[in-house]
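J.: Dropping a structure here in structure tokens format, bear with me for questions.
The values are calculated or read from the model by the stated rules, or taken from the named source; none is laboratory data. Quantities reported herein were computed from a predicted structural model and do not represent experimental measurements. Glycine also receives a Cβ, built like all others from the backbone with ideal geometry; neighbour counts cover every protein chain displayed. These accessible areas exclude ligands, DNA and RNA; they are computed on the full protein's heavy atoms, side chains included. Shrake-Rupley method; radii C 1.70, N 1.55, O 1.52, S 1.80 Å.
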Amino acid sequence: RLEAITGARAMHPKVALDSEVRGLRLVDSEGKTMVRMELRRDQILLPHSIKQISLPPRLYLFPYRGYAKAAAKLQRALGGKRGLRPAREDPLASALQALGLQAGEYSSQLHYAIAPGMTGSHALARVHRQLLEHLQTNLDGACRDLDSEFLHDLRAAASRAELLLSKLPNAFPGVETRRYREEFAWLEKVSRPTRQLDVYLMLLEEYKSRLPPGQGSYLEPFRSFLRDHKLSEHRDLRVALQSPRYHRMVEGWRMLLERQLARSQDPAEAPVEALAAGLVRPAYEALVTQGRNIGDNTP
């Protein structure tokens, strides 16, 4: 049931709590438990700190079978005048909010803050900065191999950055960007073997389903081979992602982008619409040319 929601993503703990729980019971005249209650006081344990953040205390009601009316009556009594308020938010959401996090805030789909009339170089710097942030967001997960999507998203950000730099080598007036294009290409190259093995491992279940019943187990030695090979490749990748070369590339590129964004926009410079049109038009013309070559007898 969870797999349908998480897909290829793994589940990871986000918040650690220190909880004090007190159990209570509502009993009838014969001493039978009608409703079990838990009064919880939760404190968030902050990593690398002795400080704790207290969450509002909560009272949970667990009615026993056949005592739903008793539970409803108890709930009304607890929520009467000047009583307790029903909780409107999941405890996890409250804990994340206390840490400045939001459930579902990460998305592999990027949305760029580009406005009409913005200069091409300023818009491009914004796009590159978001790609860099996306790259860094996925760095730790890719290094620790928490799941395959961290590396996939890291590679996608590097690929898009390298593509933009190759298509628009002179986008930033007076700035040489060739070195960074080569660095992003290097990052794609060193991460490719691990990503390919991730894909092979994901496809293995599909391959097993194509075999006659009872023969899927024959592929298990191949799975073990792929996993061992991936461990070796991932060790090399982790060394590259934690290397001085990678950190120099990231910091140098970040500083360059910040300088571009700090510059006042030159009204004489072409707007972002012209820059985008220059990228889209050749692709459109190539598509139309290919389309015109399709005839009645084209396969």
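J.: Among the helices (runs of 4 or more DSSP H) lying completely within the range 64-147, list those that include at least 1 residues that are over 26 Å from GLN196 (Cα atoms) and free of Cβ contacts under 8 Å to residues at least 40 places away in the same chain.
T.: The qualifying helices (runs of 4 or more DSSP H) are 68-78, 91-98, 120-137.
J.: Which pairs do you get when a residue that is hydrophobic (A, V, I, L, M, F, W, C), found in the range 19-38, comes within reach of a residue that is open to solvent by less than 50 Å² (accessible area, probe 1.4 Å) and part of a loop (DSSP other than H, G, I, E, B), reach meaning Cβ atoms under 9 angstrom, with the pair 6+ apart or on two chains?
T.: Correct list of pairs: MET34/ASP28.
J.: Can you find even one residue in the range 110-128 that is in contact with a strand residue (DSSP E or B) (Cβ under 6 Å, 6 or more places away or on another chain), at pLDDT 90 or above, more than 26 Å from GLU3 (Cα to Cα) and open to solvent by 40 Å² or more (accessible area, probe 1.4 Å)?
T.: Scanning the range 110-128 turns up no residue that is in contact with a strand residue (DSSP E or B) (Cβ under 6 Å, 6 or more places away or on another chain), at pLDDT 90 or above, more than 26 Å from GLU3 (Cα to Cα) and open to solvent by 40 Å² or more (accessible area, probe 1.4 Å).
J.: Would you confirm whether or not the range 184-192 contains a residue that is aromatic (Phe, Trp, Tyr), surrounded by 16 or more Cβ atoms within 10 Å (Cβ to Cβ) and within 15 Å of ALA125 (Cα to Cα)?
T.: For the range 184-192, residues aromatic (Phe, Trp, Tyr), surrounded by 16 or more Cβ atoms within 10 Å (Cβ to Cβ) and within 15 Å of ALA125 (Cα to Cα): absent.
J.: Determine which member of the set ARG210, ARG155, ARG178 is open to solvent by 40 Å² or more (accessible area, probe 1.4 Å) and either under 15 Å from LEU237 (Cα atoms) or touching a residue at least 60 places away in the same chain (Cβ under 8 Å) (or both).
T.: After applying the criteria, what remains is ARG155.
J.: Test of understanding: among LEU287, LEU279, which residue is more than 24 Å from ARG192 (Cα to Cα) and in contact (Cβ under 8 Å) with a residue 40 or more places away in the chain?
T.: LEU279
J.: Out of ALA4, ALA10, ALA95, ALA77, report the one residue that is under 21 Å from THR137 (Cβ atoms), at pLDDT 85 or above and loosely packed, with under 13 Cβ neighbours inside 10 Å.
T.: Criteria check complete, one pass: ALA10.
J.: Restricting the search to the range 227-248, which residues are closer than 25 Å to GLN130 by Cβ, within 22 Å of the chain's Cα centre (by Cα) and open to solvent by less than 30 Å² (accessible area, probe 1.4 Å)?
T.: Listed by number, the residues that qualify are LEU237, ALA240, LEU241, TYR246.
J.: Select from the range 47-63 the residues that are at positive phi and either touching a strand residue (DSSP E or B) at 6+ places or on another chain (Cβ under 8 Å) or outside any loop (DSSP other than H, G, I, E, B) (or both) and list them in ascending order.
T.: Within the range 47-63, no residue meets the criteria.
J.: Among (1) in a loop (DSSP other than H, G, I, E, B); (2) acidic (Asp, Glu); (3) open to solvent by less than 80 Å² (accessible area, probe 1.4 Å), there is one condition ASP42 misses while meeting the rest; what is its number?
T.: Every condition holds for ASP42 apart from (1).
J.: Oh, and also: Looking at the range 36-46, is at least one residue within 30 Å of HIS134 (Cα to Cα) and at pLDDT below 90?
T.: yes
J.: Oh, and also: Among PRO169, PRO173, which is the only one that is part of a loop (DSSP other than H, G, I, E, B), open to solvent by 20 Å² or more (accessible area, probe 1.4 Å) and either in contact (Cβ under 8 Å) with a residue 24 or more places away in the chain or aliphatic (A, V, I, L, M) (or both)?
T.: Among PRO169, PRO173, only PRO173 is part of a loop (DSSP other than H, G, I, E, B), open to solvent by 20 Å² or more (accessible area, probe 1.4 Å) and either in contact (Cβ under 8 Å) with a residue 24 or more places away in the chain or aliphatic (A, V, I, L, M) (or both).
J.: Quick one: count up the residues across the range 213-226 that are in a loop (DSSP other than H, G, I, E, B), on the phi < 0 side of the Ramachandran plot and open to solvent by less than 90 Å² (accessible area, probe 1.4 Å).
T.: Total satisfying the criteria: 1.
J.: If you don't mind, another one. I need the full set of residues from the range 249-279 which are touching a Leu at 6+ places or on another chain (Cβ under 9 Å), modelled with pLDDT under 95 and either among the charged types (D, E, K, R) or open to solvent by 30 Å² or more (accessible area, probe 1.4 Å) (or both), in order please.
T.: Once the filter is applied, which keeps residues that are touching a Leu at 6+ places or on another chain (Cβ under 9 Å), modelled with pLDDT under 95 and either among the charged types (D, E, K, R) or open to solvent by 30 Å² or more (accessible area, probe 1.4 Å) (or both), the range 249-279 yields LEU275, GLY278, LEU279.
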